[in-house]
Structures are given as C-alpha cells and as structure tokens.
Amino acid sequence: MPDSMQRAKRVSQSRLSPIWIVPLLAALIGAWMVWDNISSRGPLITLNMENAEGIEAGKTLIKTRNVEVGHVEAVRLSDDLSHTVVTARMSNDAARMLNTETRFWVVKPRIGREGISGLNTVLSGAYIQLAPGKSDEPQDSFDVLEQPPVAPPDAPGLRINLVSQVGNSLSAGDPITYQGYTVGRVESTDFDPEKREMRHRIFIQAPYDSLVTDTTRFWSSSGIDVQLDSEGVNVNLDSFETLISGGVTFGVPEDIARGNAAKQDATFTLYNNEESAREGTYDQYIEYVLLVDDTVRGLSRGAPVEYRGVRVGTVVSVPWHFTAPQPDTLTQFAIPVLIRIEPQRLESSENINEDIDDQEVRDRFVTMFKEYGLRATLKAGNLLTGALFVDLNFSQDAEPYKSMEFDGKPVFPTVSGGFAQIEQKISNLLDKLNGLQVEPILDSLDQTMQTSQQTLEEVRQIAESVNAIVSDPATQQLPGSLNDTLQELQNTLNGFSSGSSGYRQLNDTLKQLEILMRDLQPVAKTLREQPNALIFDREVQTDPVPRAPQ
C-alpha cells in the first residue's frame, strides 16, 4: 500500500507540472481572441448589382460621409446569371444604419448634366457609398442604385409622385423647374404595364417645397415649346438644361386659388404641356355631340369651344363614334364631334372647385336651344393654319329645336358655317348660270368677234398706209422744207422789227395816212350832210332868230 500511494502521489505531481500553464494560457488567449473577433464583427449583407465594374473582393470599401463602415468580401454571379451578387462585411456599429430606407451606390468617375464627379476615385479606386435610412425595419439585402440619389432620405424638402401617360421621356436626375429656376430633381421613374402609365418620384428641396400646393399643376418641359393652333403661333423657351435633357415644370394657373400646402407622398398628374395642364383644371364638364354637315378639316382635338369669343369648352374627339346610327331627322352622313361644355371656366377662382349641378346647366341649355336659337357653328380661327373652332351663338333663322341623342349623348344643334353658306351661294350661282341661254349669247359673241376681226383688218390696212406715207422720201424731206419756210418767215419778221428800215418806212407811211384821214374828215362830214355838195354850192345857213313865246 505505501508503494502504491507513493506512485499515485508522483503521478499527480507530474500532471500539475507548471509547464502546462503556458499552453493552457495560450489556448485561453486564443479562445478570447476568437470570441472577441466574432463578437466585434458586424453583420454580413448582400448587395445586388447590374455589373461589378470597379468592385474587387477584399479591396473595395464601403463608406458613409467618407468614413469606412465595411468592405467587400466576395463577388459572384447570381444563380440565374442575370446580375452580380456582392457579399460585404459591415462594421459592428454600422448595423443600426441598415434598414429599408438605406441606399447604396457605386462612386466612380461620372460625366453627367451637372458636370464631372468622382474624380478622386481615379487613383484610389471605386468604392460603395452608403446613405443611412431612418426606418425601424432592418434589412440585409439591398439593390445598388445605378445613379447616385438626388438627395439623401433625410434631406429637407418634399417628395411627391407624378403619374402620366406613356410618352413622357423623363429619367432620374432630370430637373424640376419653377419659372425657369431649378428647385428639384426626378429621383426615379417606373412604368406600370397594367395601367399603362408612367410613375415618377420627384424631390423638391427646401425652401421651394412651399411652392407646391394641392392646386399645383405639373407639366413636361422640353426646353422649347412651339404651338400652332387656331389662336396663332406660340413659342415658349425654358432653361438651357431642359432644352438638352427635358424636365418638369410646375405652377398654379392664374384663375385658380393658391390652395393648401401639398403633403408628403402626394400624387399629381403630369401633363404633356402647360396648355393641357391649364385645361386639366376644368374637371367638371357636360358632354354634347355635334352632328356637322360641313367639312371638319382643320378641326382637331383640343380646339376651343367659344361663346362670342369667350372659351366655354373643348373639342374632345373628331370624329366620335362615326359608325354609330344617327337620328332619322338628320342626314345620315353627318360627322359626329364630341365636345365638352366646362362651366368652371365662367366661375371665379374661389368657386372653381365647387360642385356644379349638371342637370341645371343642361336645362338652361335646352331653354336657350328652344327660345333663343342657340346653335353651334364651325368657324376659322386662323387663316394661316386653317384651324377651326366651335362657335356658339344665337341664330334667328334656325330651325325649331328637336331633342335628339347620338349614341347615348345629347345632340347640340348646329347650323352651317360661313364657308358652307358661301359654298351654297356659289352653288346657287352656278345653277343660275347653267339655266341661262348660252347659245344665243355665244352666237352674238361670235358675230362680235368677226366684226372686231374686220375692224382690226381695216386698222391694219390704215396702219400700213400710214407706214407707207411715213416711209416716203418726200415725207421724210417735209420736216427740212418746213424748217426752211419757218426760217424765211423768221427773217421776214426780223425785217419789220423796231430798228429796221422797213419798220421806219411803214411808220412814216402810217403817219401820212393819219394826216390825210384827218384832212378828209370835214369833206366827209359835208358829204354826209349834203351829198350833192360836190355838184352844187353848199347853202349858207343863217343863224336862227329866236322868237318870243306866244
């Protein structure tokens, strides 16, 4: 027994040898380091990217505000080979930034509308930028954005949605302008194939978000807008940036109240242009059908419906349900045109959003149809473009009104327009011309033409005779002979000038003749008193003796 106890004591002493303390301490330190490494490691996230351009496993960093918060561990293709899957290890304190609102994008050199960005990555290499979100719902799988976001999720401003029909070519980063000044950007665009409409997410930065109210209208801006319609030619120019890339412009129509401030995530309609945005304000209307017997060439959708120059409606469709059966009281080949009467156009800005009693307006129109002869007419709005518009006015010569419907909609009575009336008058004139006895007129005209031809022949002969006389050498010498005669006459007249001898002789002769005539005056007087004085002596007349009165 004592020997066995001694052997056991020696064995126990050998197991507790101090030399085993070093490996045991090293194992404890290693375990602590492993536990510390595991406990200090951040979460592992998955990033889905279209391609891995510039991304390298073990080198590419993840940053936020230029502070490293993670790094890429692995890069691989997805199972269906449609995109790239990046596995990244985040730091421990980055877990609170990963939620449903967190955004990732790759920072690399880019050339965009606002200039060149990311030049600092030319030497250091691309990295992944993280924009923390404020959501309370955690997330570990993210889609990396193709373009950097317009604004951080916590940026002060207003985010709203725009809905438009297919055709508005907007993309992320396009400007949002107000009276030509950029106040925001388009954040994202998406197409809904079921509703066939585009959805745009836009951000308007503070303090310009106060410009958006519930009555604001948004429309596409192409930089330059040219409209050629019945009102003439309109040209609108926007900013140079929208001229290159397009964008969105907004504002409140002049005849509408400003309204209340818009709320976050509100939805608005995006119109094609400013005119359609203004027309979209009038969302209460009454539809009528015009059955037009005249041509509708030049009448297009959106043309105005006016009453004495005041717009009260809009043309909706030309033609509208052309194959539908027409009332028997009208021609079977009239062109149906759908129009809208918009009573809101006549309301003040304070009452424009109030509900309108459709039946009351319809009854009022029926009264004007029956008692006052209200009728619709197509008229030319622009002679240059040939555009037509619908004019409403009272006609005294209109036929009595009869209530009719076309394909379930009431018919607005019409009368022929000015061009149709002119055409009818021309047609009547042609009918009268066709009724005239043309043959006697043509016979008389033929005789007149023959007489005229004979007269022209005589005139021709006379002209030839005159030409022969003029061509005769004697006639050609006549001006010279006449000139010589005139010269001789001039010389003769010069001989009787006041200083010539002939003039002096003639003057002396006239003086002698004057003396002779003066001497002959007594003789003439005597012969007048006594004609026989040349034969008998003249009786001596005694002076009469005056007598006294009896």
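Computed from the coordinates by the stated procedures, all read-outs in this text should not be read as laboratory data. Everything numeric here is computed off the predicted structure, so don't read it as measured data. Every residue, glycine among them, receives a Cβ derived from its backbone with ideal geometry; neighbour counts consider all protein chains shown.
Here are the numbers for this structure:
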| read-out | value |
| --- | --- |
| Qualifying lysines (Cα of each under 24 Å from Cα of K402; at least 8 residues distant if same chain) | K370, K379 |
| Hypothetical label at D140: residues of the stretch 80-96 whose amide nitrogen lies under 14 Å (7 Å Cα-Cβ projection) | 87-92, 95-96 |
| At R0 = 25 Å, FRET efficiency that the Cβ-Cβ distance of D407 and Q165 yields, to 0.05 | 0.50 |
| Compactness of the stretch 177-223 as Cα Rg over 2.2 N^0.38 Å, two decimals | 1.32 |
| Extended-chain gain in nm, criterion 0.36 nm per residue less alpha-carbon gap, Q179 and A266 | 29.1 nm |
| Gain on full stretching of the segment that runs from I21 to S210 - 0.36 nm per residue minus C-alpha separation | 60.7 nm |
| Filtered trypsin sites (Lys or Arg not before Pro), the stretch 258-298: DSSP coil and at most 16 other beta carbons within 10 Å | R258, K263, R297 |
| Eligible lysines near K134 by straight Cα distance, threshold 21 Å, same-chain separation 8 or greater | K63, K263 |
| Stokes-Einstein D for the stretch 40-113, Kirkwood Rh over Cα pairs, 37 °C, 0.692 mPa s (µm²/s) | 248 µm²/s |
| Restricting the stretch 155-199 to GluC sites (Glu not before Pro) in coil, as DSSP defines it, with at most 14 other Cβ within 10 Å | E194 |
| Cα convex hull of the stretch 132-180 - mean projected area over all directions, nm² | 5.7 nm² |
